[in-house]
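Down below is the structure, laid out as structure tokens.
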Amino acid sequence: MVIVQGSFVLNPEDREKFLAASLGGIRSSRQEDGCLEYVMAADPADPGRVILSERWESAEHLQSHLANVTSQREQSGGAVADRPAPLSTDITVFDVSGTRRLGA
């Protein structure tokens, strides 16, 4: 399993537009083989921050997803249509060797 965690920093007035413009990509990603979870959500404590959380069955599934994203961006000229550009982005990939339920 691979977990991707990250955040986008935006002008607070752009956050809702950023999330709304990301919805199609979120839905599309969730339909990809190997996608276990794909979420972008507003940080309730910071009006200029969006949190990204993804879980993929394997690194290969994530690589396939990233190839799809790159291809879509190249076809659209590089940006997600009508989505404000983040001021900064911080995304980390975690390779998971095992899992267990919290409290177990």
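Things to note:
- Residue check: ILE26 meets all listed conditions (1) open to solvent by 60 Å² or more (accessible area, probe 1.4 Å); (2) in a helix (DSSP H, G or I); (3) closer than 29 Å to SER97 by Cα; (4) not small (Gly, Ala, Ser) but one, namely (1).
- Search result, residues across the stretch 76-99 that are at pLDDT below 90 and over 18 Å from ILE26 (Cα atoms): GLY77
- Subset of the stretch 29-46 (residues that are out of contact with any strand residue (DSSP E or B) (no Cβ under 9 Å at 6 or more places or on another chain) and polar (S, T, N, Q)): GLN31
- Of residues in the stretch 46-69 being open to solvent by less than 70 Å² (accessible area, probe 1.4 Å) and of a type in the set (S, T, N, Q), the one modelled with the lowest pLDDT: ASN68
- Count of the stretch 53-76 residues which are touching a Cys at 6+ places or on another chain (Cβ under 9 Å) and free of Cβ contacts under 8 Å to residues at least 40 places away in the same chain: 1
- Residues satisfying the stated conditions in the stretch 1-23, i.e. in contact (Cβ under 8 Å) with a residue 24 or more places away in the chain, surrounded by fewer than 15 Cβ atoms within 10 Å (Cβ to Cβ) and outside any strand (DSSP E or B): ASN11, PRO12, GLU16, LYS17
The values are calculated or read from the model by the stated rules, or taken from the named source; none is laboratory data. Computed from a predicted structure; not experimentally measured. We place every Cβ from the backbone using ideal geometry, glycine too, and count neighbours over all the protein chains shown. We work out accessible area using only protein heavy atoms, side chains counted, and drop any ligands, DNA or RNA first. Shrake-Rupley method; radii C 1.70, N 1.55, O 1.52, S 1.80 Å.
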